[in-house]
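Chemist: Below is one structure. I have some questions about it.
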Amino acid sequence: MGDELRTNVAPRLEINVQGTGAIARIDVLRDSEVVETIKPGKAEFRGTWTEPRPQAGVHYYYVRVEQQDGQLAWASPLWIDYAK
């Protein structure tokens, strides 16, 4: 699962989450470190996240979701090869 891509622009993720309850937080992770946290507070979120500090080389990104009831979900990773 997941995908690989190469780009010369800052990595951008289109995030679409539909929970079964209110979403407490959506974490965007780069190489397993949280780089952004979004707190929608409702069951659906649609938005775009662009890497504010792109780093050259291959990095993997994924999104982790936690609902207010503690249920978790996460997306398959994207391996992005960023070349300035």
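The values are calculated or read from the model by the stated rules, or taken from the named source; none is laboratory data. Every value quoted in this text rests on a predicted model; they were computed, and no experiment measured them. As a convention, Cβ positions derive from the backbone with ideal geometry for all residues, glycine included, and neighbour counts pool all protein chains shown. Ligands, DNA and RNA are stripped out before the accessible areas are found, and what is left, the full protein with its side chains, is counted by its heavy atoms. Shrake-Rupley method; radii C 1.70, N 1.55, O 1.52, S 1.80 Å.
Chemist: Hey, for a label at R64 modelled as a point 7 Å past Cα toward Cβ, could you say which residues of the range 14-58 have their backbone N under 17 Å away?
Modeler: The answer is 23-40.
Chemist: Counting Lys and Arg as +1 and Asp and Glu as -1, what is the net charge of the other residues whose Cβ lies under 13 Å from the Cβ of L13? Intermediate values should be presented prior to the final figure.
Modeler: Values: positive: R12, R30, R46, R64; negative: D3, E14, D27, E36, E51.
Around L13, the charge tally is -1.
Chemist: Compare R30, R53, R6, R64 by solvent-accessible area with a 1.4 Å probe and give them largest first, with all protein chains kept in place.
Modeler: R6, R53, R64, R30
Chemist: Ok, one more. Please work out which option in (1) 30, 14, 9; (2) 25, 12, 10; (3) 25, 17, 11 gives semi-axes √(5λ) of the Cα gyration tensor in Å calculated from these coordinates, and answer with its label.
Modeler: From the options (1) 30, 14, 9; (2) 25, 12, 10; (3) 25, 17, 11, the structure gives (2).
Chemist: How high is the relative contact order of the chain, given as a whole-number percent (alpha carbon pairs under 8 Å, six or more residues apart)?
Modeler: Contact order relative to length: 41 percent.
Chemist: Here is a further query. What does the charge add up to near E36, with Lys and Arg as +1, Asp and Glu as -1, over the other residues with Cβ less than 10 Å from its Cβ?
Modeler: Cβ neighbours under 10 Å give a net charge of -1.
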